[in-house]
Amino acid sequence: MALTKDDIINAVADMSVMEVVELIEAMEEKFGVSAAAAVVAGPGGGEAAVEEEQTEFDLVLTSAGDKKVNVIKAVREITGLGLKEAKGAVDGAPATIKEGMAKEDAEAAKTKLEEAGASVELK
């Protein structure tokens with residue numbers, strides 16, 4: 001017998017907040033998606049917002065620093081942009097280099113750009 005949407009909703013309504021958070025994390029992993037925040041029915045029928053940890057980051061170049069050529073090379077490697085586009089992004093700092101990056105990828109890219117001499121922020 002297949003579960004209906006109502007069966008699933010009723011099952012989630014009976015869960016604790018922590019169980020719902022674990023369910024959301026498992027669903028994100030299974031389906032490769034990200035939920036910014038979830039609203040669940042807590043004990044007693046009230047609604048409580050559960051805020052998820054940020055999972056997507058924007059890589060923002062704030063300054064190219066003194067080693068601009070190295071920064072352009074790093075931007076090309078991270079984004080796959082051509083030389084002209086990468087140079088334009090570096091010259092236009094502050095500029096968003098890449099959006100919607102996973103935390104690990106964003107931190108690795110930030111480190112790579114900082115090692116090249118740039119100033120970088122993750123947002």
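Here, each number is a calculation from the coordinates, and none is a lab measurement. Quick caveat: nothing in here was measured; it's all calculated off a predicted structure. Quick reminder, even Gly has a Cβ in these numbers, built from the backbone with ideal geometry, and neighbours come from all protein chains shown.
Give me the one-decimal nm value for the distance between modelled label points at residue 14 and residue 91, 7 Å along each residue's Cα-to-Cβ direction.
6.4
Per-residue counts of other Cβ atoms within 10 Å, averaged by peptide: what ranking do you get for 5-11, 104-110, 69-75, highest first?
Ranking the peptides 5-11, 104-110, 69-75 by packing returns 69-75, 104-110, 5-11.
Straight-line reach from residue 98: which lysines have a Cα under 30 Å away, not including same-chain ones fewer than 8 places off?
30, 67, 68, 73, 84, 87, 110, 112, 123
In terms of modelled amide H atoms, which long-range or inter-chain residues lie less than 5 Å from the amide H of residue 98?
It is 59, by chain and number.
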